[in-house]
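For reference, the structure discussed in these notes is given below.
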Amino acid sequence: MKKYLLLLLGCGFVPAANAQHNEDSITIRKMANEILSNGNAYEDLRILTKTIGGRLAGSPQMVKAEHWGFKTLENAGADTVYYQECMVPHWVRGEKEVVKIVGAKSLNLNAIALGKSVATPAKGITAQVIEVKDFDDLEAKKDQLKGKIVFYNYHFNPTFVKTFYSYGDAVRYRGQGPSKAAQYGALAVIIRSMSHATDNQPHTGSTNYDSKYPKIAAVAVGLEDADLLSKQIAANPGTKVFIKTNCQTLPDTIGHNVIGELRGSVYPDEYITVGGHLDSWDVAEGAHDDGTGCVQSIEILRTYKKLGIQPKRTLRVVLFANEENGARGAEKYAEVAKENNEKHVFALESDAGGFTPRGFTLSMSTAQRNKIKSWSSLLMPYGAYDFDEEGGGVDVGFIHRALGVPMGELSPDSQRYFDIHHAPSDVFENVNKRELNLGTITMGALLYLIDKYGL
């Protein structure tokens with residue numbers, strides 16, 4: 001009899017679960033229709049990129065972007081919008097870099113100074129170039145490096161399908177390369193750009209100096225010119241290069257996270273964070289990195305408000321300051337949350353480009369991940385199917401570590417991201433409207449489900 005009763009109860013549960021699934025599917029479909037038909041994200045991105053452009057921390061464009069973010073969140077219908085002050089670094093590129101092969105016939109190289117790099121002496125540096133394939137090769141040639149320019153010609157690994165693995169493998173040469181060369185007396189470094197593109201755009205990005213060694217100038221060159229330089233050195237091992245950069249680091253200045261909230265109806269003191277970083281490198285418009293993440297996050301709030309989707313927990317949209325060369329905004333956000341003893345349920349970031357969504361990287365318990373995977377049939381129609389990979393954005397990583405908050409990051413298709421990442425080609429025209437909107441839908445759907453059912 002007991003078994004029969006349990007069977008009846010089980011049979012009764014299935015229709016109820018199906019009904020709930022159908023209700024969620026309908027709500028998500030309404031969100032998708034609104035975003036695809038009436039969404040503002042693409043136009044918001046156009047205004048950000050075309051009227052403000054590159055917005056590195058400390059620059060006048062940073063301030064303009066903060067004002068843009070505040071106004072756009074107000075227009076989206078946020079219940080509350082405010083600035084959260086933080087001190088940010090102020091690195092300035094200065095006049096255009098000059099890098100060229102010198103000799104009987106001078107050849108200009110398409111180059112760009114790395115973020116946080118120091119300048120060369122005012123007259124520039126002319127020296128022989130020593131090519132190294134990797135850090136092991138650097139060690140093998142260490143006795144040759146004093147008074148020379150080191151050229152790190154480390155290629156992106158083409159065998160990784162997920163190209164962030166290629167970046168993770170190669171980026172150490174940008175981050176650590178200058179100091180490792182400086183310890184052996186090198187005068188400057190040239191880095192093969194962090195890309196597998198088929199063009200000659202140079203890609204910037206931060207380097208990090210080790211205080212034990214002198215700070216030396218660092219530039220990246222486009223891939224075609226990296227290959228050209230390598231061939232030149234092979235043909236003439238005494239090849240010399242001239243480098244002149246004009247960077248400087250000014251005193252820290254005031255920046256802000258821009259925050260908009262949609263107040264929770266049941267648990268207003270519990271928070272779900274979604275955001276992207278508002279800053280970008282100065283040489284580009286910062287469209288994919290990370291204008292798309294900012295406008296997607298704002299669009300989720302707008303869509304909830306438009307459709308009358310009232311979250312149980314407070315939805316907090318954060319446009320983070322200074323991710324590119326310091327992450328001071330994310331640090332401040334986590335610090336304030338900890339000081340205020342805030343309860344955070346989940347933190348989501350979009351900072352991998354506005355391409356077609358494939359899923360989410362997640363850092364959380366196995367039980368929490370399995371709960372999200374149980375919703376896969378609701379997310380798959382909009383492109384999201386991969387929930388197995390560990391990860392989360394740089395910005396939400398701070399609150400994840402400070403408070404143990406489960407975190408995630410939108411994981412779009414990555415095949416084109418490093419074609420434009422940190423390069424002058426990261427412009428509005430390279431963002432596809434439908435791909436941008438599909439990413440917004442999957443993010444909004446995931447947050448809706450987490451808010452409704454918890455983790």
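Residues of the stretch 99-118 being surrounded by fewer than 20 Cβ atoms within 10 Å (Cβ to Cβ) and either small (Gly, Ala, Ser) or touching a Leu at 6+ places or on another chain (Cβ under 9 Å) (or both), which ones?
Within the stretch 99-118, LYS100, GLY103, ALA104, SER106, LEU107 meet the criteria.
Report yes if some residue within the stretch 389-408 is at pLDDT 95 or above, assigned to a strand (DSSP E or B) and closer than 26 Å to VAL88 by Cβ; otherwise report no.
yes
Just a yes or no: is a residue in the stretch 402-412 within 20 Å of the chain's Cα centre (by Cα), at positive phi and assigned by TED's automatic domain parsing to the domain that holds GLY53?
Scanning the stretch 402-412 turns up no residue that is within 20 Å of the chain's Cα centre (by Cα), at positive phi and assigned by TED's automatic domain parsing to the domain that holds GLY53.
Restricting the search to the stretch 296-331, which residues are of a type in the set (D, E, K, R), touching a helix residue (DSSP H, G or I) at 6+ places or on another chain (Cβ under 9 Å) and under 18 Å from ALA65 (Cβ atoms)?
Within the stretch 296-331, GLU299, GLU323, GLU324 meet the criteria.
Residues to consider are ALA170, ALA197; find the one that is hydrophobic (A, V, I, L, M, F, W, C), in a loop (DSSP other than H, G, I, E, B) and buried (at least 16 other Cβ atoms within 10 Å of the Cβ).
Just one listed residue meets the conditions, ALA197.
Cβ-Cβ under 8 Å, sequence separation 6+ or interchain: first residue in the stretch 125-144 and over 20 Å from ASP227 (Cα atoms), partner among the small types (Gly, Ala, Ser). Which pairs?
ILE125/ALA188; ILE125/ALA217
Is one or more of the residues making up the stretch 416-439 farther than 14 Å from HIS288 by Cβ and in contact with a helix residue (DSSP H, G or I) (Cβ under 6 Å, 6 or more places away or on another chain)?
yes
Could you tell me which residue of the stretch 419-440 is nearest to GLY393 (Cα to Cα), considering only residues that are in contact with a Pro (Cβ under 8 Å, 6 or more places away or on another chain) and either polar (S, T, N, Q) or part of a helix (DSSP H, G or I) (or both)?
GLY439
Among the residues of the stretch 165-192, what is the count of those that are closer than 16 Å to VAL129 by Cα and not hydrophobic (A, V, I, L, M, F, W, C)?
6
When the residues of the stretch 396-427 are narrowed to those that are of a type in the set (D, E, K, R) and crowded, with 23+ Cβ neighbours inside 10 Å, which ends up farthest from THR204 (Cα to Cα)?
Filtering the stretch 396-427 for residues that are of a type in the set (D, E, K, R) and crowded, with 23+ Cβ neighbours inside 10 Å, the one farthest from THR204 (Cα to Cα) comes out as GLU409.
Of all residues in the stretch 28-60, which are of a type in the set (A, V, I, L, M) and part of a helix (DSSP H, G or I)?
Matches in the stretch 28-60: ILE28, MET31, ALA32, ILE35, LEU36, ALA41, LEU45, ILE47, LEU48, ILE52.
The values are calculated or read from the model by the stated rules, or taken from the named source; none is laboratory data. Values in this document were obtained by computation on a predicted structure and should not be read as measured data. In this analysis, Cβ positions are derived from the backbone assuming ideal geometry, glycine residues included, and neighbour counts consider all displayed protein chains.
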